[in-house]
Structure formats: C-alpha cells, structure tokens
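Before any comments, here is the structure.
Read-outs throughout are calculated quantities, based only on the coordinates presented, and are distinct from any laboratory measurement. Bear in mind that the values here come from a model prediction, so they are computed numbers and not experimental data. Glycine also receives a Cβ, built like all others from the backbone with ideal geometry; neighbour counts cover every protein chain displayed.
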Amino acid sequence: MSALTSLNGVRWIRENLFSSFGNTALTLFGLAVVWLVLVPAIDWALVRAVWSGDSREVCLDPAAGACWPYIEARLGQIVYGFYDKAARWRVDIVFVLGAIGIAWLMLPRLPSKWLVAALLLTVYPIIVFVLLSGGIFGLDVVPTSRWGGLLLTLLVAATGIVTSLPIGIALALARQSDLPVIKWMAIAFIEIVRGVPLITLLFMASNLLPLFLPDGMTADKLVRALVAFSLFSSAYMAEVVRGGLQAIPRGQTEAAHALGLGYWTVTGLIVLPQALRLVIPGIVNTFIGLFKDTTLISIIGFFDLLGVIQSGNADPDWATPNTAFTGYIFVGAVFWAFCFGLSRYAGAVETRLAHADRGQK
Amino acid sequence: MMSDSPHAVEIRKISKFFGGFQALKSVSLTVDHGERIVICGPSGSGKSTLIRCVNRLEEHEEGEIIVDGVALTSNLSHIEEVRREVGMVFQQFNLFPHLTVLENCTLAPIWVRRVPKAEATSRAMALLERVKIPDQANKYPGQLSGGQQQRVAIARALAMNPKIMLFDEPTSALDPEMIAEVLDVMVELATDGMTMLVVTHEMGFARKVADRVVFMDAGEIVEAAPPEEFFANPKSERTKLFLSQILGH
C-alpha cells in the first residue's frame with residue numbers, strides 16, 4: 001500500500017509541479033521564496049526566541065529572537081487595557097457570556113437559535129453595558145477612557161458588525177425605493193459617508209460633534225466613536241447588499257406579487273434571503289475590514305489592542321531591539337486569527353446553504 | 001363565494017406604452033366566468049403584455065380593466081385584492097429557489113390568506129397530488145425537471161384558490177418531451193371550469209379546450225373566434241399568414 005501511495009505521490013508531483021520547464025521554474029522559485037521567508041521567520045519567532053524571564057535583561061542577547069516575556073508581562077493590558085485590575089472579573093464575565101452565545105449560534109446542532117440570537121442582541125448588550133460601566137448594583141464606575149486592549153477592539157468590532165448589517169440592508173432597500181425622497185436620502189448618506197475617510201469621521205465624532213451640540217447635551221466619546229464606526233460600515237454594507245438585490249431576477253418579485261404578497265413580505269421572504277446568501281463573501285469582507293479598522297480608534301485617544309502594544313513598545317523597562325517587533329507580530333497574529341476564523345465560518349455557512357439548496361440539509 | 005360581477009375580466013380600450021413604443025393599442029376583451037381564452041400571435045404582438053395587465057404586473061395607461069368587479073387603478077388595496085384572486089404561471093416558472101416545493105406552495109396562503117400552516121400544507125399536498133408530483137414536495141426547485149417545475153408553479157398559483165388563471169407561454173421554455181405533462185394539467189384545470197387566459201402557441205391545446213381563440217398582432221386584437229371557426233375560416237390575412245407559419249410544417 002505504501003509503495004502504491006508513494007508512487008501516486010511521485011506521479012502527482014511530476015504532473016502538477018514539474019510538468020514543463022516553466023512549471024518547474026515556478027515550483028523552484030516558489031520553494032526558494034518559502035525558504036527565504038519562512039526559515040528566518042520561524043528561526044526568529046520560535047528557535048532563537050526568548051520564552052521566559054521577568055525583565056528586559058533576558059532579551060538583550062544580540063543573538064536573541066522574539067522577546068515573548070514582554071507579551072507575557074503586558075498580557076493584562078493587552079486584554080483589558082487600563083481597566084481597573086480589581087474589576088477585571090466583570091470583563092471576564094462579558095467575554096465568557098459572549099463566547100458562549102456565539103458558540104451556541106455557530107454550532108449547528110444546538111437548539112433554540114432564534115432565542116439565543118434574540119438574547120445576544122437585546123439582553124446581552126445591557127449586561128455588557130452594566131458590567132463594563134458600573135455605577136449601579138454597587139459596581140464601581142469604570143470610565144470608558146480606561147477600557148482598552150482586546151476588550152475595546154472586540155467591543156467596537158462587535159458593535160459595528162451587529163449594527164452595520166441591519167442599517168446597511170435598510171439603506172440598500174431605501175436606495176432602491178420608488179419613493180424619491182427616501183431614495184435620494186439613502187444615496188446621499190451612502191455617498192457622503194463612503195466618500196470620507198474613516199479617520200475624518202472619527203475626528204468629527206470625537207472633536208467636532210461636541211461643538212455643534214448644545215451645552216450639556218453630549219454623549220460619551222466612546223459612544224460617539226461607535227456611532228461613527230457603525231455608520232461608516234453601514235454605508236459599505238449597503239452597497240454590498242445592493243449588489244445582491246440587483247442579482248435577484250425580476251421574475252422572482254413578479255411571481256411573488258402575482259401571488260398577492262405585499263412589499264414587505266416579498267422583500268423579507270423572497271428577495272433578501274436570496275440576496276444576502278449571494279453576498280455572504282462581500283458581507284464577511286466588510287466585517288473583516290471593519291475589524292481591522294477598529295485600530296483607528298487609537299487615533300482619537302483610545303488604547304485598543306494595537307494602541308496598548310504601541311504604548312508598551314515605548315516602555316523603557318522593556319526596551320530591547322526586538323520588543324516592538326514582537327509586539328506587532330503578536331497583535332498581527334491575534335487580528336489574523338479573528339479574521340481567519342470569521343472567514344472560515346462564513347465559508348462553512350456558504351457550504352451549508354449550498355447543500356440546503358440541493359436538498360441535502 | 002360566487003361573484004356578482006357579470007364578467008370575470010373586462011378589458012375596455014386599454015393602451016400601454018413602453019417609452020415611445022405602443023405595445024397595446026386600445027384593446028378590448030371581455031371574459032366570462034368559466035371561459036377559456038387562448039391568445040396567440042407573433043412575438044412582440046402584445047399578448048403577454050395584455051395578460052400581465054390583468055394582474056397589474058404591467059400598468060395600462062389608457063382605458064380600464066375590471067377584474068371580477070374590481071377596477072384596476074393605482075389603488076394598492078384593489079391591486080392586492082385582484083392579485084389574490086388571479087393566479088399566474090410564467091414562461092420561466094419563477095419558483096422561489098430557496099424554498100422547497102411545498103414551501104413554494106404554502107407561502108402565499110400562509111402570508112396572504114392567513115391560512116394556518118397545517119391546513120396550508122395539507123392543501124398544498126393535495127394540489128401537488130393533482131399535478132402528480134407529491135413525492136417531490138420536500139425537494140428544492142433546482143432539483144426538478146422543467147416540466148416538474150412548471151407543474152409546481154401551477155400548484156403554487158392554485159394554492160391561493162384563484163378564480164382566474166393567467167398562463168404566459170407556460171410551455172415555451174420546456175423541452176419537447178415535457179410539454180405534454182404540463183398541458184395535461186392545464187386541460188384538467190380547464191375541464192374543472194377554471195376561468196383561464198392562456199398565451200400559447202400550442203394550437204392543439206387551443207382546439208381542445210378554448211372557448212375562444214384570440215389572435216393579436218402589433219398591439220391589436222385582429223380577430224377572436226371559437227376554435228373551429230378560427231382554424232377553419234380565419235377572416236384576416238394576418239391570421240391566415242400566422243396560422244400557415246405555425247401549422248405549415
């Protein structure tokens with residue numbers, strides 16, 4: 001058996017990697033690139049890396065690679081930002097509840113999906129707000145300026161994701177409306193918000209908006225930033241969804257109208273289920289973009305995952321030649337893990353829906 | 001409930017324009033309850049546009065249409081009232097691909113007529129039985145042949161218990177071997193006394209079930225007559241030419 005497999009293996013390699021002169025050259029070139037990039041990277045991050053220690057001294061060896069003790073020492077800040085140490089258990093509860101809820105939704109076998117989704121969208125945000133801000137039930141107040149790290153990154157990303165899809169759908173439908181006022185308002189909103197850099201929106205939300213609002217009427221700076229993020233990604237989402245809406249043949253709405261269904265039932269039961277399915281890759285793309293754009297919040301004075309690392313890099317207690325690099329590699333890996341997870345999950349959903357259409361539920 | 005209105009459909013001098021092109025030129029047609037009308041004519045003659053005006057998938061610009069006593073105007077509740085009573089079958093089937101065959105047939109009764117789900121399901125199953133595909137109920141439209149899909153489309157329209165059925169070239173997109181299975185269902189429906197307006201080139205079907213055959217050309221009704229008369233003695237030259245073209249080979 002092994003002889004046969006290895007024979008097949010050899011044949012596969014010959015047919016796919018060395019079938020022609022050009023193919024052989026490309027294969028060798030590819031291997032060379034992998035060798036030149038991967039080997040030093042692994043060498044630096046794993047082989048020559050320093051794995052334990054409690055000060056910068058351990059990382060000062062000129063031959064040393066990544067300085068992982070720095071990450072370990074900073075882990076608290078990376079996860080919680082400057083959230084009060086004594087109150088970090090509140091953040092832990094938020095993380096655990098959120099993780100349970102999302103896992104419940106993602107595992108196809110578990111029941112009562114709608115109930116869990118409804119709880120996640122209604123009760124959970126209230127719990128999050130109460131736990132994180134405090135101020136009632138004897139919980140100490142923790143101002144939003146102290147929230148940071150992974151907590152802040154996930155909070156901003158989750159808020160953006162949860163709000164941008166419904167707002168984006170509403171905008172896309174409005175843009176296709178027969179009512180001119182609705183249609184032009186949607187177009188104006190989408191084109192203005194999409195035509196402005198996110199940083200500009202964030203600056204406006206954090207600095208300009210308070211100037212316009214009457215005295216005493218102001219929202220928390222983080223809330224203003226969250227609104228800016230939501231509106232920005234909604235505008236993008238609207239265009240993604242519109243692409244899906246346009247792909248639905250006219251015969252679908254005609255058939256539905258001919259059956260006596262009204263606008264909302266046609267939209268909700270016939271058009272959107274098909275349109276959204278078509279644009280899952282675009283939706284996930286927007287989510288991933290949004291997730292990475294959360295790092296821009298550091299520009300208006302918040303310390304998100306990247307902000308925390310950047311401030312840590314400047315810490316003289318950990319000044320080594322590899323500190324900053326280690327920090328960035330770590331943050332990059334965390335972002336990549338979340339985005340890749342999102343993308344894989346979306347892929348699984350697409351496969352499942354495709355199977356459902358072929359009746360292999 | 002039997003309607004008090006004297007006619008199933010009354011079309012009075014309607015005109016329809018697509019931009020500068022006049023698709024219907026002051027067309028009038030009265031259809032009695034239980035009457036079966038076959039509409040034929042060359043492509044672009046306005047026959048599809050005519051029946052699409054009956055359930056307001058197209059808006060007519062001049063004249064009036066009264067369907068079962070309800071005048072079709074821009075009044076949305078009148079339009080929805082008419083659409084509840086008028087079923088339509090399309091050339092391209094237009095089944096909902098994300099719903100099963102059964103769900104296709106129960107959707108409108110549940111959401112428009114507020115029929116309880118169990119009742120809608122048993123009624124849909126009876127209709128699928130009638131169009132001879134009850135065993136496909138839980139499949140998706142994409143898994144069915146064209147003929148099967150069109151029969152589902154008929155069952156879907158019948159599930160609303162319509163008084164009038166519109167057929168817009170129901171067999172034109174089908175492979176030849178599947179045309180008969182769809183026509184059989186339509187013949188059965190006609191025998192049961194359904195009011196039908198059928199746009200088709202299936203002259204055998206017209207001979208068999210039509211009370212009147214209507215020939216349209218260039219946005220006008222050229223002639224309308226019972227099939228025996230229509231096929232034996234066409235009055236107009238245009239009708240003769242058309243018949244010779246489609247029956248000639």
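In the condition set (1) within 22 Å of A:VAL79 (Cα to Cα); (2) touching a residue at least 60 places away in the same chain (Cβ under 8 Å), A:VAL130 is compliant with all but (2).
Anything in the stretch B:139-151 that is touching a Leu at 6+ places or on another chain (Cβ under 6 Å) and within 13 Å of another protein chain (Cβ to nearest Cβ)? List them, or say none. Residues satisfying the conditions are B:PRO141, B:GLN149.
Selection within the stretch B:54-82: residues that are charged (D, E, K, R) and part of a loop (DSSP other than H, G, I, E, B). The member of this set that is farthest from the other protein chains (Cβ to nearest Cβ) is B:GLU61.
Yes/no per residue for (1) within 20 Å of B:ASP32 (Cβ to Cβ); (2) β-branched (Val, Ile, Thr):
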| residue | (1), (2) |
| --- | --- |
| B:LEU174 | no, no |
| B:GLU177 | no, no |
| B:VAL182 | no, yes |
| B:ALA190 | yes, no |
| B:MET194 | yes, no |
| B:LEU197 | yes, no |
| B:HIS201 | no, no |
| B:LYS208 | yes, no |
| B:VAL213 | yes, yes |
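Yes or no: A:ILE309 in contact (Cβ under 8 Å) with a residue 60 or more places away in the chain and either touching a Cys at 6+ places or on another chain (Cβ under 8 Å) or within 14 Å of another protein chain (Cβ to nearest Cβ) (or both)?
Working: in contact (Cβ under 8 Å) with a residue 60 or more places away in the chain: yes; either touching a Cys at 6+ places or on another chain (Cβ under 8 Å) or within 14 Å of another protein chain (Cβ to nearest Cβ) (or both): no.
No; evaluated as a whole, the condition is false for this residue.
So, in the stretch B:83-92, exactly how many residues are surrounded by fewer than 23 Cβ atoms within 10 Å (Cβ to Cβ) and either among the aliphatic types (A, V, I, L, M) or at the interface with another protein chain (Cβ under 8 Å from one of its Cβ atoms) (or both)? Working first, answer last.
Initially, the stretch B:83-92 is screened for residues surrounded by fewer than 23 Cβ atoms within 10 Å (Cβ to Cβ), giving B:84-85, B:91-92.
Imposing the further condition that a residue be either among the aliphatic types (A, V, I, L, M) or at the interface with another protein chain (Cβ under 8 Å from one of its Cβ atoms) (or both) reduces the set to B:84, B:92.
Selection size over the stretch B:83-92: 2.
Count, please, the residues in the stretch A:240-263 that happen to be away from chain B (no Cβ under 12 Å) and either in a loop (DSSP other than H, G, I, E, B) or buried (at least 18 other Cβ atoms within 10 Å of the Cβ) (or both). Number satisfying all stated conditions: 5. Residues in the stretch A:157-183 that are in contact with a helix residue (DSSP H, G or I) (Cβ under 9 Å, 6 or more places away or on another chain) and not in a helix (DSSP H, G or I): A:GLN176, A:SER177.
Considering only residues of the stretch A:18-57 that are of a type in the set (Phe, Trp, Tyr) and part of a helix (DSSP H, G or I), which is farthest from A:LEU75 (Cα to Cα)? Result: A:PHE21. Taking A:PHE232 and the conditions (1) more than 19 Å from the chain's Cα centre (by Cα); (2) surrounded by 12 or more Cβ atoms within 10 Å (Cβ to Cβ), which numbered condition does it fall short on, given that it satisfies the others? Failing condition for A:PHE232: (1).
Okay, residues lined up against (1) under 25 Å from A:PRO197 (Cα atoms); (2) of a type in the set (Val, Ile, Thr); (3) assigned to a helix (DSSP H, G or I):
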position: A:VAL271; (1), (2), (3): no, yes, yes
position: A:GLN274; (1), (2), (3): no, no, yes
position: A:GLN310; (1), (2), (3): yes, no, yes
position: A:GLY327; (1), (2), (3): no, no, yes
position: A:GLY341; (1), (2), (3): no, no, yes
position: A:GLY347; (1), (2), (3): no, no, yes
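For (1) free of Cβ contacts under 8 Å to residues at least 12 places away in the same chain; (2) within 30 Å of B:PHE231 (Cα to Cα); (3) in contact with a helix residue (DSSP H, G or I) (Cβ under 8 Å, 6 or more places away or on another chain), each residue gets a yes or a no:
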| residue | (1), (2), (3) |
| --- | --- |
| B:ARG12 | no, yes, no |
| B:THR30 | no, yes, no |
| B:CYS40 | no, yes, yes |
| B:GLY46 | no, yes, no |
| B:ASN55 | no, yes, yes |
| B:GLU62 | no, no, no |
